[in-house]
Amino acid sequence: MDETPVQLPALGCLELRSHPQRGRGVFTQQAIAKGTLIHISPVLVFSQAEYSEHGRHTCLDHYTYCWRGGTFALALGLGSMFNHEPSGLENVGFVRDMDQALI
């Protein structure tokens, strides 16, 4: 893993709250311009075996991202709390930085 320090942006308009149909998630109090970097989260990577034997049988299964080589990653901080709409309707995207273990 790349050990280069990472600057973390802070958007003061984000909040964590519950939605009646979708559960807990990150919401904004104001419009955010398309393409704005809103959060960087470090990830905890699980081996494929560890995830298959344990993680997929827990609530973690709803919060992990597919990672390199068949592994899975859990974004720490707000990273696993962003709710994504179905393809074509999403309003937030994500980028995996596998070298620095970030999303």
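Worth a mention:
- Annotation: amide H-H contacts under 5 Å for Ser41 (H modelled 1.01 Å from N, sequence separation of 5 or more, or interchain): Ile103.
- Taking 0.36 nm per residue of separation and subtracting the Cα-Cα distance, full extension of the segment from Arg56 to Gln7 would add 14.5 nm.
- Here the spin labels are modelled as points 7 Å beyond Cα on the Cα-Cβ line, and at Arg24 and Arg96 they lie 2.4 nm apart.
- Relative contact order for the range 6-103, counting Cα pairs under 8 Å that sit 6 or more residues apart, in percent: 27 percent
- Shown here: P(r) over Cα pairs in 10 Å bins from 0, in percent, derived from the displayed model; of the candidates (i) 11, 14, 12, 11, 11, 11, 10, 8, 7, 5, 1; (ii) 12, 30, 26, 19, 13, 1; (iii) 13, 42, 35, 9, 0, it corresponds to (iii).
The numbers here are math on the coordinates, done by the rules we state, and not lab data. Computed from a predicted structure; not experimentally measured. Every residue, glycine as well, gets a Cβ built from its backbone with ideal geometry; the counts of neighbours run over all protein chains shown.
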